[in-house]
Amino acid sequence: MTRTLALPLLLPLAACASAPDAPALPQSQERFWQALSSHCGNAYEGSLASSDERDADWAGKQMIAHWADCSDTRVAVAFHVADAQAPGGWNRSRTWVVTRTSDGLRLKHDHRHEDGSVDAVTQYGGDTLSAGTARVQDFPVDAFSIALFEREGLEASLTNVWRVEVDRANDSGARFAYQLTRRNDPTRLFRVEFDASDPVAAPPAAWGWE
């Protein structure tokens, strides 16, 4: 693929090490946070790893995960998907945002249009309910997201559980994965995986994050 250099971000990348005043986390979540943060500034190629027929349109598409913005309490990973129908051949509407909170970790989905305006379905996600592991954290759907999905007629999403898996940068064979399952539908699986051992040139900023 042709790799494009990233456009400058208005907000500079911040150091990803935890600050003394960052919310304390269980040891496993702290190790997960450090692994996630170790990729700050990097971008990796990936692809669809699941085979659910509901995701047939995703099959074979080029994908890039870019750690585009980091702070002591937030890591934003832009998810770029090749799309011939999108401006410039890429859909840059999605950003995964992981935040440290006083109760653990939170995953939110920031969805934007090309002009930077927010999508009607955005900021959905959930908080960790257990300590998870140093490599894997699960985020069951929260009350805000349930209300959003009900308002938008997305009843199938009411039992969503999102998963993020990450190895530390520079680990041999490091991988990064994002996954969606549903508690009321054992057949539902959407999963994308990225080779986090081989950085590529960063893409342009996600829509609304310029």
**Report entry** region 37-47 - residue that is in contact with a His (Cβ under 9 Å, 6 or more places away or on another chain) and assigned to a loop (DSSP other than H, G, I, E, B) and, of those, nearest to R175 (Cα to Cα)
**Finding:** N42
Report summary line: Exactly one of G41, G89, G60, G46 is more than 17 Å from P203 (Cα to Cα) and among the small types (G, A, S), and that residue is G60
Report summary line: In region 1-25, anything modelled with pLDDT of 65 or more and surrounded by 14 or more Cβ atoms within 10 Å (Cβ to Cβ) is listed as A22, P23, L25
**Report entry** S145 being of a type in the set (S, T, N, Q), assigned to a loop (DSSP other than H, G, I, E, B) and either touching a Lys or Arg at 6+ places or on another chain (Cβ under 9 Å) or on the phi < 0 side of the Ramachandran plot (or both)
**Finding:** no
Query raised in the report: Which is more than 13 Å from the chain's Cα centre (by Cα) and acidic (D, E), of D55, D69?
Result: D55
Report task. Being at pLDDT 95 or above, buried (at least 17 other Cβ atoms within 10 Å of the Cβ) and more than 28 Å from S28 (Cβ to Cβ) narrows it down to one of L180, L148, so name that one. Result -> L148
Query raised in the report: A134: touching a strand residue (DSSP E or B) at 6+ places or on another chain (Cβ under 8 Å), at pLDDT 95 or above and either over 20 Å from L48 (Cα atoms) or among the hydroxyl-bearing types (S, T, Y) (or both), yes or no?
Result: no
Query raised in the report: in contact (Cβ under 8 Å) with a residue 40 or more places away in the chain and touching a helix residue (DSSP H, G or I) at 6+ places or on another chain (Cβ under 7 Å) - does that describe any residue in region 141-162?
Result: no
Requested in this report: Please work out which residue is farthest from Q123 (Cα to Cα), limiting yourself to region 89-107 and to residues that are small (G, A, S) and modelled with pLDDT of 95 or more.
Outcome: G89
Report summary line: Output for Cβ contacts, cut-off 8 Å, separation at least six or different chains, first residue under 17 Å from A22 (Cα atoms) and touching a residue at least 40 places away in the same chain (Cβ under 8 Å) in region 33-48, second surrounded by fewer than 18 Cβ atoms within 10 Å (Cβ to Cβ) and among the aromatic types (F, W, Y), reads none
**Report entry** Which numbered condition P203 misses (of (1) outside any strand (DSSP E or B); (2) surrounded by fewer than 17 Cβ atoms within 10 Å (Cβ to Cβ))
**Finding:** (2)
Report task. State the number of residues belonging to region 163-177 that are surrounded by fewer than 19 Cβ atoms within 10 Å (Cβ to Cβ) and without any contact (Cβ under 8 Å) to a residue 24 or more places away in the chain. Result -> 1
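Checking the condition among the small types (G, A, S), at pLDDT 95 or above, under 17 Å from the mean Cα position of the chain (by Cα) and outside any strand (DSSP E or B), which residue from S28, S50 passes?
The unique qualifying residue is S50.
The values are calculated or read from the model by the stated rules, or taken from the named source; none is laboratory data. This is a predicted model, so every value here is computed, not measured. When we count neighbours, we look across all protein chains shown, and the Cβ atoms used for this are built from the backbone with ideal geometry, even at glycine.
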